[in-house]
Amino acid sequence: MTEDHEEYLDEELLDQESNDADSEGLYEHFYVKVDKGQEIVRIDKFLHNIRQNSTRNKISQTCRAGNVVVNGKPVKQNYRVKPGDEISVLLTRPPRENFIVPQDIPLNIVYEDDDVVVVDKNAGMVVHPGHGNWDGTLVNALAFHFEKNGEKSDLDRVGLVHRIDKDTSGLLVVAKNEYALSFLAKQFFDRKTRRLYWAFVWGNVAEDEGTIRGHIGRHLKNRMQMAVFEDGSFGKHAVTHYKVIERFKYMTWVECKLETGRTHQIRAHFKHIGHTLFNDERYEGHQILKGVNLPKYKQFVKNVFEVLPRHALHAHTLGFIHPTTKEEMYFESPMPQDMQEAVEKWRKYLE
């Protein structure tokens, strides 16, 4: 899978707050005590010889990150292994065999066959296990679902074609075999899927339709945010098309179509143009950014925050060509209750 394919598998990394090795414990993935007859050799070569599924370059990177430990101390890739050395490889995730634990968690499955499963995800559910979220995820729930139905699916190796953020609700498709994964991944890479998002953003968006362009990369000061770099000096090319659905004077309901699939793309792009997502705490949208300085209005916004206690983003539609039948599949997810209640409150307030 290309680097651009992998972009779709990175959409949730920033939602796992403790994403760095120094904020969580490390897990031992490999241990060996070197034989007495072992000749002296560089550790990257030694590990490559006994773990041939890992490249020398990957092993060197692991060494440089301080995750290869000899006799209790991190070593570089040029360390020379000696008889009696105790070598461990420590990583920030559990070993694969312990990674996906089937869990009986309710799922809203809107379609399933031998190749794909389409899920309408609730807000608050993380898609894939990661730091701070080792269980209780969509993948854990799917593993239980497949096991219950007597199916086998290696969800740690195949499955996710794309992700949506923890607090984003709506549709996503999961492949059930490697062929389906490859077929769907190419559609996402070629931008041939049909995906529309609904978002509530602060302020009255000036144009009825528009396009936001600007490279997106990790914020240079706040590592939990993504930022827009218009000059292209950093990050990756990103384009978001939008259309206004309804205006609420101080908030706007927009429909978004992504031309690219960058991490937090809608959230970063709209913040960049001065219309942060409503109640998006990560991007300071949980404050009153537009409106009037009146106690009644402040209380009203507080009430809306209570019925919509997350960023207002919903994956509304999903369309793709089926891997086996080659038929076009299309799904729509209705607006979730929390967003609908927020709309109703805004309409009533403006009356």
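The values are calculated or read from the model by the stated rules, or taken from the named source; none is laboratory data. This is a predicted model, so every value here is computed, not measured. Don't worry about glycine lacking a Cβ; one is built from the backbone with ideal geometry, like all the others, and counts go over all protein chains shown. Each accessible area value is taken on the protein alone, full model and side chains, heavy atoms only, with ligands, DNA and RNA left out. Shrake-Rupley method; radii C 1.70, N 1.55, O 1.52, S 1.80 Å.
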Open item on the list: With the structure loaded, tell me whether LYS257 is part of a loop (DSSP other than H, G, I, E, B) and either out of contact with any helix residue (DSSP H, G or I) (no Cβ under 6 Å at 6 or more places or on another chain) or among the hydrophobic types (A, V, I, L, M, F, W, C) (or both) or whether it fails that test.
Closed with: no
Task: Qualifying positions in region 325-344 - of a type in the set (A, V, I, L, M) and out of contact with any helix residue (DSSP H, G or I) (no Cβ under 6 Å at 6 or more places or on another chain) - done: MET329, MET335, MET339, VAL343
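Here's the yes/no breakdown for (1) open to solvent by 20 Å² or more (accessible area, probe 1.4 Å); (2) under 30 Å from THR325 (Cα atoms):
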{"site": "THR193", "(1), (2)": "yes, yes"}
{"site": "PHE200", "(1), (2)": "no, no"}
{"site": "ALA206", "(1), (2)": "yes, no"}
{"site": "GLU209", "(1), (2)": "yes, no"}
{"site": "HIS237", "(1), (2)": "yes, no"}
{"site": "HIS272", "(1), (2)": "yes, no"}
- [ ] Please go through region 276-335 and pick out each residue that is open to solvent by 70 Å² or more (accessible area, probe 1.4 Å) and part of a helix (DSSP H, G or I).
- [x] GLU281, PRO295, LYS296, LYS298, GLN299, LYS302, GLU306
Task: Scope region 272-302; condition over 21 Å from ARG218 (Cα atoms) and hydroxyl-bearing (Ser, Thr, Tyr); matching residues - done: TYR297
